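Single-structure report; data block below.
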Amino acid sequence: MARTKEFDQEQALDAAMHLFWERGYEATSIQELVEVTGVQRQSLYDTFGSKHEMFLQSLMRYQALEGHELSELTKKHPRGGLPLIRAIFESCASQTVSDVRGCFATNCAAELGSSDEAVAERVRIGTEGLEQVLKHCLVQAKNARELKNSSSVSALAQFLVNAYLGLRLMAKMRPTKAMIDNVVSVTLAAL
């Protein structure tokens, strides 16, 4: 008779995500995952398959949480357009200054993106989602004649994604709030 799981899978995944976020994939051992989750090694393997699968699930969990935050910003700015883009970048700036770990997805891309296609694909999916939101906002701004930049909406959305990811990566360098505010200001002025 199979035993029922005696741990909360979501809590274990959150704990693993935070450990991977702090240390990276390569520097995190199975033993550390056992210790941080409080779940026995065999149960981790039975539930998540492998360290790599647990890492991918942690990345997907992070992306779901980020997606929820983006959804909440959208609810606060239902008209979208430039006000939503500004809110997205203000939130990004706040995270950049307050969390030296940076963006977990960006960290994953930096560590494994060129050598692990599964990780690269997961990160690509997340950035494409952000790009679509930004593109939609840019179309709204263009229709409202709020855009000064005559570049294509697709090019501007890609520019904004690049700026967003760059800001999140800068967290690792512990930038000042003034520096990040300057970057956000110049980024938004480019629109």
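The values are calculated or read from the model by the stated rules, or taken from the named source; none is laboratory data. This is a predicted model, so every value here is computed, not measured. Positions of Cβ are backbone-derived with ideal geometry, glycine not excepted, and every protein chain shown enters the neighbour counts.
Taken over region 8-53, residues that are under 18 Å from Arg122 (Cβ atoms) and not aliphatic (A, V, I, L, M) amount to 14. From the list Leu84, Leu33, the lone residue that is among the aliphatic types (A, V, I, L, M), modelled with pLDDT of 95 or more, surrounded by 15 or more Cβ atoms within 10 Å (Cβ to Cβ) and farther than 30 Å from His136 by Cα is Leu33.
One line per residue, one yes/no per condition, for (1) within 22 Å of Leu167 (Cα to Cα); (2) under 14 Å from the mean Cα position of the chain (by Cα):
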{"site": "His18", "(1), (2)": "yes, yes"}
{"site": "Glu26", "(1), (2)": "no, no"}
{"site": "Ser29", "(1), (2)": "no, no"}
{"site": "Glu72", "(1), (2)": "yes, no"}
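Within region 74-93, the set of residues being more than 14 Å from the chain's Cα centre (by Cα) and not aliphatic (A, V, I, L, M) comprises Thr74, Lys75, Lys76, His77, Pro78, Arg79, Gly80, Gly81, Pro83, Arg86, Glu90. With respect to being among the basic types (Lys, Arg), closer than 24 Å to Ala110 by Cβ and in contact with a Ser or Thr (Cβ under 7 Å, 6 or more places away or on another chain), Arg168 fits the description.
Of all the criteria given as (1) crowded, with 18+ Cβ neighbours inside 10 Å; (2) touching a Ser or Thr at 6+ places or on another chain (Cβ under 9 Å), the one not satisfied by Asp14 is (1).
Among the residues making up region 67-81, a single one is among the hydroxyl-bearing types (Ser, Thr, Tyr) and crowded, with 16+ Cβ neighbours inside 10 Å: Thr74.
Scanning region 21-37 for residues that are within 19 Å of Gly102 (Cα to Cα) and part of a helix (DSSP H, G or I) yields Trp21, Glu22, Arg23.
Every residue, every condition in (1) aliphatic (A, V, I, L, M); (2) not in a helix (DSSP H, G or I), yes or no:
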site: Val39; (1), (2): yes, yes
site: His52; (1), (2): no, no
site: Ser58; (1), (2): no, no
site: Leu65; (1), (2): yes, no
site: Thr74; (1), (2): no, no
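Name the residues in region 57-70 that are farther than 14 Å from Tyr164 by Cβ, free of Cβ contacts under 8 Å to residues at least 60 places away in the same chain and not aromatic (Phe, Trp, Tyr), would you? Those that are farther than 14 Å from Tyr164 by Cβ, free of Cβ contacts under 8 Å to residues at least 60 places away in the same chain and not aromatic (Phe, Trp, Tyr): Gln57, Ser58, Arg61, Ala64, Leu65, His68.
On the stretch given as region 117-138, residues that are of a type in the set (Lys, Arg) and under 14 Å from the mean Cα position of the chain (by Cα) total 2.
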